[in-house]
Amino acid sequence: MPANPPDLNVLVIDDHMIIRQVVEQNLRSLGFTQIDTASNAAEAAERMQDKRYDIVFIDWILPGKSGYALMKEYREDRDHDDVAFVMVTSESDERHMIEALKAGATSYITKPVLTPVFAEKVKKVLDWVAKRAEKAGARSA
Amino acid sequence: MGDMKDDIAQVVETTVVETFSGMLGQTIVAAAGGESAAPTAKDFIYACLLLDQEQGASASFCFSFDDALLARTAAAFYPGPQGADKSVREDIACAVANIVGSKVKSCLNKYGNNYEMAVPFVGEPCCLPATRPDAIHLHFSCDAASAARGEDALVVDVALDAIPAGNC
């Protein structure tokens, strides 16, 4: 069974306010309620230190440290194994997509963010989150 | 060169329409008669961006947005005073430029080019690459009727400094 959106903490990282707003609106229409935002990697790192997120939507290019670099750092840290990282980026070529997935992205969404595509990808991410939670539960049992 | 310009025009048209209609909830249509350069009226907001390669070839873009289109978009996403803030409208302009520029970059790089894209910025009308004789001028209107009246909601000017390899 997929994870339940209202139970999940979500962080949306993008330097464009309008993209944060678009992603947030799409998430709310899918039932998510616990949504925080950040406009750069430093702000995102602060948020992630203060709170445990289940899904992080992250832009590739950010001012300062890139979203890609930030995601790689968290992926190398085993404490964040169960966090789903979703790249939401205007980098639409296959090379970037493969690079992101190899570096540990759970999913890859290209801008413009179109509601049906977004909903479909998030559905798969919810499955991923649920499976990770099951595994973690089995390990601790 | 002609084919490449046609291909770039196609990518820009498709992406602009998809971004406004599919993501931002604003109807926009590609308009014919794209020979003239972008308007330089006070109520336009200009977003500029550059794609360049190590070899020095570059493509410069200027997006001229009718402020009314951006204001409608902003109001739809930010009800209340925030929607009236100019920085919100500029953010939307740069976000759209960023998406369109990235799509063109991907299209050009598929054929062995190595374009990188700089971060779009809000500029002045003087950033227009419109005076170049080989520039591409793409006009968009809010609907067919305003297109017929020649009312621009957005004009995208593109100037290529060299012929990129391949077709998109």
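Read-outs: derived from the displayed coordinates by stated rules, not from any lab. Just so you know, these numbers come straight off a predicted model, no measurement behind them. Cβ: placed from backbone, ideal geometry, glycine included. Neighbour counts: every protein chain shown.
At 222 nm, what value in deg cm²/dmol follows for chain A if DSSP H runs of at least 4 each add -39500 (n - 2.57) and the sum is divided by all its residues, to the nearest 500?
-15500 deg cm²/dmol
Let me know the mean shielding of A:114-127 by other chains, meaning the per-residue number of their Cβ atoms within 10 Å of its Cβ.
1
Check which residues have an amide H placed less than 5 Å from B:Asp85's amide H, if you skip close sequence neighbours.
Hits under the 5 Å cutoff: none.
Going by how many other Cβ atoms sit within 10 Å of their own, how do A:Met1, B:Met117 line up, fewest first?
Ascending number of Cβ neighbours within 10 Å: A:Met1, B:Met117.
Picking from A:Val129, A:Ile58, A:Gly104, whose Cα lies most toward the positive end of the charge dipole for region A:58-141 (charges on Cβ: Lys, Arg +1; Asp, Glu -1)?
With unit charges placed on the Cβ atoms, the residue in question is A:Val129.
Amide H neighbours of A:Ile58 under 5 Å, at least 5 residues apart or on other chains, H built in the peptide plane: list them.
A:Ile13, A:Val86, A:Met87, A:Val88
In peptide A:76-86, what is the residue-averaged number of other protein chain Cβ atoms found within 10 Å of each Cβ?
The per-residue average across the peptide is 0.
When you look at the Cβ of every residue in A:38-49, what mean number of other chain Cβ atoms sits within 10 Å?
Whole-number average of other-chain Cβ neighbours for A:38-49 is 0.
What are the ³J(HN,Hα) couplings of region B:134-145, residue after residue, when phi is run through the Karplus curve with 6.51, -1.76, 1.60 and θ = phi - 60°? Round to Hz, x for glycine and proline.
9, 5, 9, 10, 10, 10, 10, 10, 6, 7, 4, 5
Report the residue, chosen from A:Met97, A:Met71, A:Met17, that carries the largest GNM mean-square fluctuation when chain A is represented by alpha-carbon nodes joined by springs under 10 Å.
A:Met17
Take A:Trp60, A:Trp128 and order them by how many other Cβ atoms sit within 10 Å, fewest up front.
Neighbour counts put them in this order, fewest first: A:Trp128, A:Trp60.
Just check region A:15-141 against the gyration tensor rule for me: Cα atoms, a ≥ b ≥ c as the square roots of the eigenvalues, rounded for a/c under 1.5, and otherwise prolate or oblate depending on whether a/b exceeds b/c.
rounded
Counting Lys and Arg as +1 and Asp and Glu as -1, each charge on the Cβ, what is the dipole of region B:38-121 about the Cα centre in debye, to the nearest 20?
Roughly 200 debye, rounded to the nearest 20.
From the Cα trace of region B:35-115, what convex hull volume per residue do you get, rounded to a whole Å³?
115 Å³
Past 28 Å, Cα to Cα: identify those pairs from A:Lys51/A:Lys131; B:Lys42/B:Lys110; A:Lys65/B:Lys103; A:Lys102/A:Lys124; A:Lys111/B:Lys110; A:Lys51/A:Lys123, in the order given.
The pairs that break the limit, which is 28 Å between Cα atoms, are B:Lys42/B:Lys110.
Just name one of B:Val122, B:Gln53, B:Ser21: the one whose Cα is farthest towards the positive end of the charge dipole of region B:2-160 (beta-carbon charges, Lys/Arg +1, Asp/Glu -1).
B:Ser21
Give the order of A:Arg28, A:Arg20 when sorted by the count of other beta carbons within 10 angstrom, beginning with the fewest.
Lowest count first: A:Arg28, A:Arg20.
Can you give the charge dipole size of region A:5-132 about its Cα centre, rounded to the nearest 20 debye, using +1 on the beta carbon of Lys and Arg and -1 on the beta carbon of Asp and Glu?
In total the dipole reaches around 300 debye.
For the protein assembly as shown, just run the numbers: alpha carbon Rg, then divide by 2.2 N^0.38 Å, N being how many residues it has.
Normalised Rg, Cα atoms only: 1.05.
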